[in-house]
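**Student:** Quick one: the structure is below, questions incoming.
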Protein chains: 2
Amino acid sequence: MSDRITCPVLRARITSAQAAAALINDGDNVGISGFTGAGYPKAVPAALHDAMVDAHGRGEQFRIGLWSGASTAPDADGVLAEAHGVSTRLPYNSDPTMRSLINLGEVDYVDAHLSHSAQHMWFGFYGNLDVAVVEVTAVLPGGLLVPSSSVGNNKTWLDQADRIILEVNSWQPRGLEGFHDIYYGTALPPHRRPIELTDPMQRIGEPYLRIDPEKVVAIVETDRPDRNAPFSPPDENSAAIAEHVVDFLRHEVAAGRMPPELLPLQSGVGNVANAVLAGLGDSEFTDLVAFTEVIQDGMLDLLDNGTLRAASSTSFGLSDVGARRFIDNIDTYKGRILLRSEEISNHPELVRRLGIIAMNGLLEADIYGNVNSTHVMGSAIMNGIGGSGDFARNAFLNFFLTPSTAKDGAISAIVPMVSHVDHTEHDVHVIVTEHGIADLRGLSPRARAERIIERCAHPTFRPALLDYTQRAWTERPRARHTPHLMGEALSWHQRYLETGSM
Amino acid sequence: MSDRITCPVLRARITSAQAAAALINDGDNVGISGFTGAGYPKAVPAALHDAMVDAHGRGEQFRIGLWSGASTAPDADGVLAEAHGVSTRLPYNSDPTMRSLINLGEVDYVDAHLSHSAQHMWFGFYGNLDVAVVEVTAVLPGGLLVPSSSVGNNKTWLDQADRIILEVNSWQPRGLEGFHDIYYGTALPPHRRPIELTDPMQRIGEPYLRIDPEKVVAIVETDRPDRNAPFSPPDENSAAIAEHVVDFLRHEVAAGRMPPELLPLQSGVGNVANAVLAGLGDSEFTDLVAFTEVIQDGMLDLLDNGTLRAASSTSFGLSDVGARRFIDNIDTYKGRILLRSEEISNHPELVRRLGIIAMNGLLEADIYGNVNSTHVMGSAIMNGIGGSGDFARNAFLNFFLTPSTAKDGAISAIVPMVSHVDHTEHDVHVIVTEHGIADLRGLSPRARAERIIERCAHPTFRPALLDYTQRAWTERPRARHTPHLMGEALSWHQRYLETGSM
């Protein structure tokens, strides 16, 4: 038995994953830990998969509502999707099997702003939470939990669930104790108070999650790594995008719009984001700080070389190499990395107050600056909006980053009209592709179109975009604020669906 | 000379509107007061119009950048548009002459979230502010100003402008002194602090606007009413919408999701909003409070009959009768009405903390819950997003209200895909038409579509909407999360443009 569970009352609840899974019933809403493949439960979902498959084999129904922090992994979302055991899923998913069931219409997916997900649960929008299944690093006396490699919505799930199942994962370094700052000052309106955080690294909470030990129905011991996704070095396009961003930041500092140490950085997940971090690491910028959702390998590099002074986040999202580096040198990161609940890491109040520089990817942008982050050709969900809306809306400055084409040039990332809108024209500051940067701040829609087409679109698609704008701008008198051709605005997507190319 | 100007230094700056307008130059950015037709400058714009027409007659260029709080009036926006003297306009407009020039492409319009407009000016997104032209009620010694019937962006314009022109309007009741709460605690990141407001009626500022008297280049005396728009009694559709909203709030209280005195109300402008207020006034609800942008006649009614305990706002938006009622009984409203800067009335931090119930109109919604508040048939701007995004995104609960059809039934307010998105599917809670109410909280896109079509669409359009969804849901396997037909999604708008009916 692991020495990670020192609470005598709770040691008595240690059981097998199968026995724990047997405490979850058809129709239950289940809140699991996990964010970007870190800190998700690693044993109970597989056991639950088996129970579901057995039940289905007996002709019984067994499906749950599955709530998480954000994305998990094949051994959580993946196995439950394989078992056809999920009826609803929120607030974010990136698992391919789960995505497929969502797009087949089998799973009802509620794609929510991450800063909204916990409070919407508290508001009663999602119904009762029956079970929480949360991975932790250790269980201390009195029901104090040392959180794992992500915090996500764990505080809310543990507070609100009728029953709690804990997974204690020995793979998570015991030294994670002290890396967390769990804020217990949230409340429901009309009882909310200001969140008194004015510095990204300020502690406003406690290092532990608290639970009512009476609610714990099972504890399962595991020793398994997080889903640590491989880390690719920046390709040519990503490097070009990074260069544009770093140049732009230099320009903003030179113009006096931002201090030399910039403002707190938020960086989305993926290779373009990692490339921008690498670009910052190679630049003259130093003593920066991050207030973000996810700490990727690129951010460890910046912490190591001094570009980044410190980082506040809700999760890690490391490669195997990155995870090993963190674990082996965990003491050097203590005090320089803080993990918070996602309602705090993404909170509109804090994002606006701190003046975040937000950097997120996109699937497509249109000529007027609307951004689609979620849907392929208007209908099929990719992942979800995640925290991009929390950060973009309230940022001091936001960037949306993308290569100018996808699918070997068959798809233009710049289109006449996006097929789905996640970030409106009112919310998008700067769009960046490998070809250049379009600063849209203070511009009217037509001025934005000129700049986006000229600076960001791939040269192959520029003539067709210009042709569209010219015809839209002249066809309808008295409709030139945001001129569109309704019969043609989505024709690029239709053409792609019919021919495989825009 | 008016007794409204008791500061001896500033009395010496009293001059004519013509002389004041002569201090504004071609190419200047001019920040004017005004919000919902209240508190805008009433003399200088007309004089500036004449100067512009003269200059144009001499073959000279004379155009300004025009920034405001929100909408003004024919004698401000209107006359400057008539003079073809505006190059850019932000952050909101509802003047028909100005709208026409925006839609002709003559005026570059930047349609911004109202909570963003002041900070984006401070961030440097809009360039230098040359002149502020601000209406006030009185000028006290030491450069203290008693604000007028709106606050809007006046604090920012007065702080940031190189030169200040004041209009002192004797029509504004002298008793407005004490109705304002001007917060001087804003700062630029990284120096921002929490805004320590936890009750809608809490004072966090001062009753006066402060200025540097040295910057005042002219003071003009006026005695003219605000643009007080006529107030229509609720029509049948508006009354039905109001009934649905009041019933829904009752249901939320009964379900324990909201206290009996509800949470602070925000109500958009217009007859549907007034109808909802009237519906609340006729209901059992009492002791409510408003945290909103605009105080319309309907809100005065609620303050008079005790439904509403108090209201925080940034502006009035009254009819002639309502303005007279307010002025004649001003002392009874003192302490029960507070006017704040729009960056405070609409602040994301406060809207989320207080847990606002937001109620706003829309132009069209689509079957998946995306809302268009600004554009007619995708291209022509109507007014602008105003504060609807500030409130909807951060609200505890938001309603979007609309009759189910427009133009005598030629236009359906519920369409397959909106032609412009201002509020995304991630941000819309409840849609209401005269036919019913669609509660979208916690629903997947397909579930939302079923509910919106069934509850909100006009019966004439339901079969065509169902037909669209059925075909979209079956045509493309693996694209059923938000199923759309790219070749047909905007065909209703195209049909309207071609035939005059959807």
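The values are calculated or read from the model by the stated rules, or taken from the named source; none is laboratory data. Computed from a prediction, not measured in an experiment: that's the story for all the values here. When we count neighbours, we look across all protein chains shown, and the Cβ atoms used for this are built from the backbone with ideal geometry, even at glycine. Surface accessibility is based on the protein's heavy atoms, side chains included, excluding ligands, DNA and RNA. Shrake-Rupley method; radii C 1.70, N 1.55, O 1.52, S 1.80 Å.
**Student:** Consider residue A:272 carefully, then state whether it is crowded, with 23+ Cβ neighbours inside 10 Å, touching a Gly at 6+ places or on another chain (Cβ under 7 Å), at pLDDT below 95 and of a type in the set (Val, Ile, Thr). Working first, answer last.
**Tutor:** Numbers: crowded, with 23+ Cβ neighbours inside 10 Å: yes; touching a Gly at 6+ places or on another chain (Cβ under 7 Å): yes; at pLDDT below 95: yes; of a type in the set (Val, Ile, Thr): yes.
So residue A:272 passes the test.
**Student:** Next question. What about residue B:13, is it farther than 20 Å from residue B:128 by Cβ, modelled with pLDDT of 95 or more, open to solvent by 10 Å² or more (accessible area, probe 1.4 Å) and of a type in the set (Lys, Arg)?
**Tutor:** Yes: the conditions hold for residue B:13.
**Student:** Hey, any hits in region A:224-247 for a residue that's under 28 Å from residue A:161 (Cα atoms), open to solvent by less than 60 Å² (accessible area, probe 1.4 Å) and either of a type in the set (A, V, I, L, M, F, W, C) or away from chain B (no Cβ under 14 Å) (or both)? Give the derivation first.
**Tutor:** Of the residues in region A:224-247, the ones under 28 Å from residue A:161 (Cα atoms) are A:224-227.
Filter once more, so that each one left must be open to solvent by less than 60 Å² (accessible area, probe 1.4 Å): A:226.
Retained after the next criterion (residues that are either of a type in the set (A, V, I, L, M, F, W, C) or away from chain B (no Cβ under 14 Å) (or both)): A:226.
There is at least one residue in region A:224-247 that is under 28 Å from residue A:161 (Cα atoms), open to solvent by less than 60 Å² (accessible area, probe 1.4 Å) and either of a type in the set (A, V, I, L, M, F, W, C) or away from chain B (no Cβ under 14 Å) (or both).
**Student:** Mind checking which strands (runs of 3 or more DSSP E) fall wholly inside region B:283-399 and carry at least 2 residues that are within 30 Å of residue A:418 (Cβ to Cβ) and either within 14 Å of another protein chain (Cβ to nearest Cβ) or at pLDDT 95 or above (or both)?
**Tutor:** Working: elements: B:288-291, B:294-296, B:308-313, B:315-317, B:337-339, B:357-361, B:364-366.
Fully inside region B:283-399 and qualifying: B:357-361, B:364-366.
**Student:** Then there's this: Among the residues of region B:480-490, count how many are in contact with a strand residue (DSSP E or B) (Cβ under 7 Å, 6 or more places away or on another chain) and either more than 7 Å from every other protein chain (Cβ to nearest Cβ) or open to solvent by 40 Å² or more (accessible area, probe 1.4 Å) (or both). Step through it out loud before you land on a result.
**Tutor:** Start the filter on region B:480-490 by keeping residues that are in contact with a strand residue (DSSP E or B) (Cβ under 7 Å, 6 or more places away or on another chain), which leaves B:481-482.
Checking the rest, the ones that are also either more than 7 Å from every other protein chain (Cβ to nearest Cβ) or open to solvent by 40 Å² or more (accessible area, probe 1.4 Å) (or both) come to none.
Count: 0.
**Student:** Looking at region B:431-468, which of its residues are open to solvent by less than 30 Å² (accessible area, probe 1.4 Å) and more than 34 Å from the chain's Cα centre (by Cα)?
**Tutor:** Within region B:431-468, just B:468 meets the criteria.
**Student:** I'd like to check something: does region A:90-98 contain any residue that is free of Cβ contacts under 8 Å to residues at least 40 places away in the same chain, open to solvent by 10 Å² or more (accessible area, probe 1.4 Å) and touching a strand residue (DSSP E or B) at 6+ places or on another chain (Cβ under 8 Å)?
**Tutor:** No, region A:90-98 contains no residue that is free of Cβ contacts under 8 Å to residues at least 40 places away in the same chain, open to solvent by 10 Å² or more (accessible area, probe 1.4 Å) and touching a strand residue (DSSP E or B) at 6+ places or on another chain (Cβ under 8 Å).
**Student:** Sticking with this one: Looking at region B:242-270, I want the residues that are under 16 Å from residue B:288 (Cβ atoms) and have a partner that is of a type in the set (Lys, Arg) and modelled with pLDDT of 95 or more with Cβ atoms under 9 Å, at least 6 apart or on another chain. Which pairs are those?
**Tutor:** Between residues of region B:242-270 that are under 16 Å from residue B:288 (Cβ atoms) and residues that are of a type in the set (Lys, Arg) and modelled with pLDDT of 95 or more, the close pairs are B:261/B:309.
**Student:** With the structure loaded, tell me whether residue B:55 is surrounded by fewer than 19 Cβ atoms within 10 Å (Cβ to Cβ), aliphatic (A, V, I, L, M) and in contact (Cβ under 8 Å) with a residue 24 or more places away in the chain or whether it fails that test. Don't jump to the end; show me each part of the working.
**Tutor:** Values: surrounded by fewer than 19 Cβ atoms within 10 Å (Cβ to Cβ): yes; aliphatic (A, V, I, L, M): yes; in contact (Cβ under 8 Å) with a residue 24 or more places away in the chain: yes.
Spelling it out, residue B:55 is indeed surrounded by fewer than 19 Cβ atoms within 10 Å (Cβ to Cβ), aliphatic (A, V, I, L, M) and in contact (Cβ under 8 Å) with a residue 24 or more places away in the chain.
**Student:** Suppose the filter is within 8 Å of another protein chain (Cβ to nearest Cβ), more than 31 Å from the chain's Cα centre (by Cα) and open to solvent by less than 10 Å² (accessible area, probe 1.4 Å); does residue A:477 pass it? Spell out the reasoning first.
**Tutor:** Numbers: within 8 Å of another protein chain (Cβ to nearest Cβ): yes; more than 31 Å from the chain's Cα centre (by Cα): yes; open to solvent by less than 10 Å² (accessible area, probe 1.4 Å): no.
When the stated conditions are applied, residue A:477 does not pass them.
**Student:** Condition test on residue B:198, is it part of a loop (DSSP other than H, G, I, E, B), within 14 Å of chain A (Cβ to nearest Cβ), of a type in the set (Val, Ile, Thr) and within 22 Å of the chain's Cα centre (by Cα)?
**Tutor:** Details: part of a loop (DSSP other than H, G, I, E, B): yes; within 14 Å of chain A (Cβ to nearest Cβ): yes; of a type in the set (Val, Ile, Thr): yes; within 22 Å of the chain's Cα centre (by Cα): no.
The answer is no for residue B:198.
**Student:** Sticking with this one: Name the one entry in B:493, B:423 that is facing chain A (nearest Cβ under 10 Å), in contact with a helix residue (DSSP H, G or I) (Cβ under 6 Å, 6 or more places away or on another chain) and open to solvent by less than 10 Å² (accessible area, probe 1.4 Å). Show your work before the answer.
**Tutor:** Values: B:493 fails: in contact with a helix residue (DSSP H, G or I) (Cβ under 6 Å, 6 or more places away or on another chain).
Among B:493, B:423, only B:423 is facing chain A (nearest Cβ under 10 Å), in contact with a helix residue (DSSP H, G or I) (Cβ under 6 Å, 6 or more places away or on another chain) and open to solvent by less than 10 Å² (accessible area, probe 1.4 Å).
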